[in-house]
Each structure stands twice: as structure tokens, then as C-alpha cells.
1. What is the Cα coordinate range of segment 95-180 on the first, second and third principal axes, sorted by size from largest, in whole angstrom?
2. Taking all protein chains in place and a 1.4 Å probe, what share, in percent, of the accessible surface of segment 61-193 do carbon and sulfur account for?
3. What are the radius of gyration and Dmax of the chain, computed over its Cα atoms and given in Å?
4. Given ALA38, LEU63, GLY28, which one lies farthest toward the positive end of the charge dipole of segment 25-73, if we put +1 on the Cβ of every Lys and Arg and -1 on the Cβ of every Asp and Glu?
5. Hey, what's the chain come to in accessible area per residue, 1.4 Å probe, Å²?
6. Once phi is turned into θ = phi - 60°, what whole-Hz ³J(HN,Hα) does the Karplus curve with 6.51, -1.76 and 1.60 give for every residue of segment 80-91, x standing for Gly and Pro?
7. Helix 114-125 versus the longest principal axis of the chain: what angle, 0 to 90°, nearest 10, using Cα atoms?
8. If Rh is defined by the Kirkwood formula over all Cα pairs and Rg also comes from Cα, what ratio Rg/Rh do you get for segment 41-123?
Amino acid sequence: MNSLCRRQPSIRLEVMIHYACHYRSPLGDMTLASDGDALTGAWFDGQKYFGSTLHGSPVTADLPVFRLSRAWLDRYFSGDLPDDLPPLRPVGSVFRLAVWDLLKTIPYGTTRTYGDLARELARRTGRNVSAQAVGGAVGHNPLSLFIPCHRVVGSDGSLTGYAGGVRLKERLLRLEGADMTELYIPKQAISHS
């Protein structure tokens, strides 16, 4: 049989449309992203890894998930503990998704260390996990505030590793009423802000 006559597997191309909207927070403008059903991204404009889940040109739209997200953010920035999260759909490796799930367990107004998260993930998986690997996953969280990566601090109480900058991390923790007595901004982070 001629190789040109063999049945070739069909290829299905799927076009993913990304949506975006903007939110003006008291701490700076934010961009929200969605796949149409769930929130896939939330960044402070200009932060590290900004728009990491957006591909191509997103369509600006006022979707139900954006209305839910803005209402949640309004409550958060008013100093209230928001109720239910809007639907979230972070995209990442299995490891990153596991770390981001752990972040969602950190209560409002409290902090955990990267080491705490590494130990908990090791307990859950039965595998050794380094605090540095956890830090890498925390830093690539595409859903700022909704998945509270700002609540993770260094083992010595240092405010490090926030893609929006340590000053913003400090302001978010103060907004939540976190105990700041043992927390500090390292000198090298001040010179980079």
C-alpha cells in the first residue's frame, strides 16, 4: 500500500480564547485573566511573571467570573475576610499545583514559612521537598491574592520572594492584620525595591 494512501490520524486544533479585565485596587492596578469559565490569572500590573497564563491577545470582556472576582477583591481590600472564592483554574506542573493547593490552606492574617510548606508537602507525598523548590512554585503563582502566596515568609521572618515586591507583600499582610512583630524586610530587598 502506498504510504500516501494510509489513513492518517486526524488532528484537532483547539483555539483557546483568553479573556482579561482590569481592576483598580487601593494598592495598584491589577489584571485578571480567564478561560471564560474560571479565573486563570490575577496580577498586579508590572509584577514579575505578569501575564504568564495569557497567550496571544486576550479579549476584554465582563464575564460572570470577573464580576465575582471583583466583588471578592472589593471585600478583601475593605479589610473583610472574603467568603467563597470565584472559580479558579491555575495552570502549572503537578508540583506547582500541589504547592498552590497548600497556599490556599494558609488562613487569612497568618503566615507560614517556605520550610513549613516543604515539610507539609513531603508529609503528603512521602518524598523529600526542598524549601527552595517550594519557593520557586510560590513565586510562579498566577493567581495573586486568590491563592495567597504573600502569606509565605522566610524561616527567619524575612519578607522575601513576592513577585509584586516585598513592600507590597508587607502592605497585604498589614491589611490582613498579620502579626508583623517577628517579620522584617531584608536590606538587600530594600535596595531592589
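1. Projected onto its principal axes, the Cα set of segment 95-180 covers 36, 25, 19 Å.
2. 51 percent
3. My reading of the Cα-based Rg and Dmax gives 19.3, 78 Å.
4. Among ALA38, LEU63, GLY28, the one farthest towards the positive end of the dipole of segment 25-73 is GLY28.
5. 57 Å²
6. 8, 7, x, 6, 4, 6, x, x, 10, 9, x, 10
7. 50 degrees
8. Radius of gyration over Kirkwood radius for segment 41-123 works out to 0.99.
The values are calculated or read from the model by the stated rules, or taken from the named source; none is laboratory data. Because the structure is predicted, anything quoted here is derived from the model rather than measured. FYI the Cβ positions are ideal-geometry reconstructions off the backbone, even for glycines, and counts take in every protein chain you see. Accessible surface is based on the protein model in full, side chains and every heavy atom, while ligands, DNA and RNA are left aside. Shrake-Rupley method; radii C 1.70, N 1.55, O 1.52, S 1.80 Å.
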